[in-house]
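Encoded as structure tokens, the structure appears first; notes follow it.
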Protein chains: 2
Amino acid sequence: MDFHYNPIKVALYIGNFQLILLMEVIQKENRNLPDSSLRVAILGATGAVGSELLELLESRQFPLSHLKLLASPRSAGQVIQFQGQSIEIEAVEPDSFKNIDIVLSSAGGGISRQWASTIVSSGATLIDNSSAFRMDSNVPLIVPEINPQAILNHSGIIANPNCTTILMGLAIYPLHRINPIERLIVATYQSASGAGARAMEELKLQSIEILAGRSPSPEIFPYPLAFNLFTHNSSLNEVGYCEEEMKMLNETRKIFDDPTLRISATCVRVPILRAHSESVNIEFKAPMSVEQATEILNSAPGVKVVQDWKRNYFPMPIDASGKDEVLVGRIRQDLSHPLALELWLCGDQIRKGAALNAVQIAELLISKNCVKSQIAKTF
Amino acid sequence: MDFHYNPIKVALYIGNFQLILLMEVIQKENRNLPDSSLRVAILGATGAVGSELLELLESRQFPLSHLKLLASPRSAGQVIQFQGQSIEIEAVEPDSFKNIDIVLSSAGGGISRQWASTIVSSGATLIDNSSAFRMDSNVPLIVPEINPQAILNHSGIIANPNCTTILMGLAIYPLHRINPIERLIVATYQSASGAGARAMEELKLQSIEILAGRSPSPEIFPYPLAFNLFTHNSSLNEVGYCEEEMKMLNETRKIFDDPTLRISATCVRVPILRAHSESVNIEFKAPMSVEQATEILNSAPGVKVVQDWKRNYFPMPIDASGKDEVLVGRIRQDLSHPLALELWLCGDQIRKGAALNAVQIAELLISKNCVKSQIAKTF
């Protein structure tokens with residue numbers, strides 16, 4: 001084939017090239033971000049965890065170029081203040097995730113299932129706070145202090161574990177890493193916040209009513225929670241364990257990458273607003289002294305050892321509320337078993353139990369350079 | 001020696017005999033009792049347990065010939081209604097226990113220690129709700145449904161066990177009797193009432209204050225209990241267990257007459273008014289099925305099995321309050337051990353945990369005919 005300099009073709013070629021360059025500039029302008037800044041959407045922005053996510057993105061100076069707040073049509077139009085700007089909440093729809101790098105979803109399993117494939121095919125990475133994908137073998141289930149390496153294998157969805165599981169994991173994984181755990185027996189004392197902001201409100205209003213001598217009917221919870229407690233309000237399986245208890249078993253096994261770890265849990269809802277507590281009996285494969293366990297936990301990430309034996313002062317929900325760390329104390333020898341220790345922990349259910357862990361996963365994505373849009377950029 | 005009918009002596013003899021008969025009649029009149037009725041004193045009549053003792057003596061139609069109410073000088077002079085009569089509270093003093101058959105004491109260990117020898121030397125039997133004499137080898141420690149036979153050996157003092165221990169004992173002894181328990185791991189959810197009526201009031205007032213946005217200082221408890229929880233407020237031993245936890249260990253061993261039973265307990269105070277809950281993990285020496293355990297507990301004295309798996313309805317403090325029985329439910333296989341079961345219980349701390357058990361001990365004394373004054377009568 002003959003090759004001729006066709007001036008029209010050359011002009012078109014140069015023009016196309018300029019257009020491509022221009023598009024790049026415009027796109028970059030629109031994103032208004034340095035390379036490491038991300039466009040984030042919060043799905044479920046009006047809930048208890050959604051509010052905490054906003055607070056954390058701000059206080060942790062998350063590298064954010066754009067923040068989109070999504071919720072149900074019911075909440076659309078509400079305006080939320082963020083870093084001095086007013087952001088209007090949008091109803092989630094198929095186009096919501098275009099030009100978004102990370103979606104932090106905290107709107108329940110149904111919503112996550114409904115939008116996950118749209119999110120992933122839009123090129124965003126979903127960090128999902130629901131239980132929808134946690135046990136999916138293609139989805140990493142991550143507590144950044146425990147199994148950050150699992151993030152390398154994500155395919156667009158990363159699951160944020162169950163709150164009670166995260167809190168226990170932080171306290172026991174550092175011990176497990178040194179001396180494998182044989183068996184865990186745990187009893188929980190779980191706050192209203194695990195059932196959302198409306199459940200917290202119900203606890204407060206119900207307390208006022210009961211103190212005034214009235215008998216209000218519960219709406220969010222199946223039974224009154226004020227001055228009462230009951231088995232965790234999730235459905236029971238055929239052998240009598242509720243979903244929350246099975247999450248503690250199955251999710252801990254997945255996060256620890258230890259599929260035979262033996263766990264028996266009893267999950268109980270107590271009239272506390274926003275921090276969960278747990279009594280944990282840990283049987284190790286080999287002896288571990290109280291001193292060694294305390295020393296390990298003193299330097300464990302995300303853990304703060306709180307135990308003043310003389311004052312009988314140990315972790316309490318009012319002290320754990322609003323804190324990043326899980327508070328661990330009463331580390332003591334189990335009097336009934338030479339290889340077992342007992343410990344007690346409290347952690348903020350909304351914060352490290354949900355929002356903080358999700359934001360930490362997003363930060364881990366950035367530091368490992370494995371946000372999907374970042375991966376795309378490297379090609 | 002000659003025998004003469006001396007009319008004066010005969011007259012005196014007959015007179016003396018009549019006098020003796022008369023004294024007997026007067027004495028009986030004063031006691032106003034059939035032979036099985038008893039003169040009872042309540043020491044600590046104004047407390048939470050004291051009030052419940054009064055209610056129980058009345059509702060159980062306890063065979064009572066006389067009721068004396070004793071308290072500190074601070075409460076003396078107060079008038080309490082009982083069976084339609086007004087009874088004035090008296091300050092306890094050395095003569096208080098004369099002509100008393102049974103003393104039900106619920107005024108704390110110090111008061112019990114102070115008055116025990118006076119009570120016993122006055123000829124009364126002390127049923128003591130404090131921990132003062134529980135571990136004394138000469139003092140039977142009794143839950144009538146578990147070890148009624150121990151009452152036969154009393155020497156004037158019978159101890160009423162710790163509330164948390166009584167409630168757990170009722171639920172597990174019927175199983176232990178069939179298939180010995182190897183090891184217990186228990187976490188408790190204990191109400192304010194365990195610390196008395198003023199502690200219950202503190203929880204209520206504190207809740208009102210907190211709901212109004214204020215931060216009240218606790219007075220009875222070391223830390224705020226409203227919307228909070230903390231390690232049981234009893235002193236800690238050198239290995240980190242609080243007194244309440246050691247009571248569960250030592251008292252259960254004594255009541256079960258099993259000095260090597262292995263128990264590890266975590267006792268926690270929760271913002272509940274008057275019923276304790278416990279999560280109990282029971283490892284048996286031999287396998288026991290959930291069905292067998294349920295069947296045993298279905299016919300166990302003092303126990304009511306409450307479990308509606310479909311409704312996720314299990315024992316709750318609001319249902320246990322004011323009930324005689326300990327409510328037991330969620331009887332299920334421990335997923336971490338083939339020989340272990342899990343169960344959950346709630347019981348009224350003031351009632352079966354204290355006052356009811358004490359009254360049952362008094363009833364047992366009568367039925368076994370071993371009130372000290374009754375024993376004396378048989379000679």
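Number of residues in segment A:314-364 that are over 24 Å from B:N228 (Cβ atoms), away from chain B (no Cβ under 14 Å) and touching a Lys or Arg at 6+ places or on another chain (Cβ under 9 Å): the value is 3. Number of residues in segment A:209-233 that are assigned to a loop (DSSP other than H, G, I, E, B) and surrounded by fewer than 20 Cβ atoms within 10 Å (Cβ to Cβ) equals 12.
For segment B:151-175, the set of residues classified as surrounded by fewer than 20 Cβ atoms within 10 Å (Cβ to Cβ) and either within 25 Å of B:D324 (Cβ to Cβ) or in the same structural domain as B:I255 (by TED's automatic domain parsing) (or both) consists of B:I151, B:L152, listed by residue number.
Of the residues making up segment A:206-231, those that are without any contact (Cβ under 8 Å) to a residue 40 or more places away in the chain, more than 7 Å from chain B (Cβ to nearest Cβ) and among the hydrophobic types (A, V, I, L, M, F, W, C) are A:I210, A:A212, A:I220. For the residues B:K285, B:K352, the requirement of being under 21 Å from B:I142 (Cα atoms) and touching a Leu at 6+ places or on another chain (Cβ under 8 Å) singles out B:K352. Here A:T260 fulfils each of the conditions (1) part of a loop (DSSP other than H, G, I, E, B); (2) surrounded by 23 or more Cβ atoms within 10 Å (Cβ to Cβ); (3) more than 10 Å from every other protein chain (Cβ to nearest Cβ) apart from (2).
All conditions in (1) in a loop (DSSP other than H, G, I, E, B); (2) surrounded by fewer than 20 Cβ atoms within 10 Å (Cβ to Cβ) hold for B:I100, with the sole exception of (2). Just to verify a result, which residue in segment A:235-257, among those that are of a type outside the set (D, E, K, R) and more than 8 Å from every other protein chain (Cβ to nearest Cβ), is surrounded by the fewest Cβ atoms within 10 Å (Cβ to Cβ)? That would be A:N237. Looking across A:H154, A:H66, A:H176, one residue alone is under 22 Å from A:E278 (Cα atoms) and not polar (S, T, N, Q). It is A:H176.
Here is a check on your reading of the model: is A:D308 over 30 Å from B:T260 (Cβ atoms), among the charged types (D, E, K, R) and more than 26 Å from the chain's Cα centre (by Cα)?
Criteria met by A:D308.
Among the numbered conditions (1) touching a strand residue (DSSP E or B) at 6+ places or on another chain (Cβ under 7 Å); (2) under 19 Å from B:A354 (Cα atoms); (3) in the same structural domain as B:K285 (by TED's automatic domain parsing), the only one that B:E182 does not meet is (2). Regarding A:P144, is this residue surrounded by fewer than 18 Cβ atoms within 10 Å (Cβ to Cβ) and outside any helix (DSSP H, G or I)? When the stated conditions are applied, A:P144 does not pass them.
If the condition is being within 23 Å of B:A150 (Cβ to Cβ) and more than 7 Å from chain A (Cβ to nearest Cβ), then segment B:263-277 contributes only B:A265.
Only residues that are within 25 Å of A:C163 (Cβ to Cβ), at pLDDT 95 or above and charged (D, E, K, R) were counted in segment A:333-377, giving 5. In the set (1) of a type outside the set (V, I, T); (2) out of contact with any strand residue (DSSP E or B) (no Cβ under 6 Å at 6 or more places or on another chain); (3) outside any helix (DSSP H, G or I); (4) closer than 25 Å to A:G50 by Cβ, the condition left unmet by A:K247 is number (3). Here the condition is being among the small types (G, A, S), out of contact with any helix residue (DSSP H, G or I) (no Cβ under 9 Å at 6 or more places or on another chain), within 14 Å of chain B (Cβ to nearest Cβ) and outside any loop (DSSP other than H, G, I, E, B); of A:A199, A:A187, it holds for A:A187 alone.
The values are calculated or read from the model by the stated rules, or taken from the named source; none is laboratory data. A quick note: this is a predicted structure, and the numbers were derived from the prediction, not measured. Every residue, glycine as well, gets a Cβ built from its backbone with ideal geometry; the counts of neighbours run over all protein chains shown.
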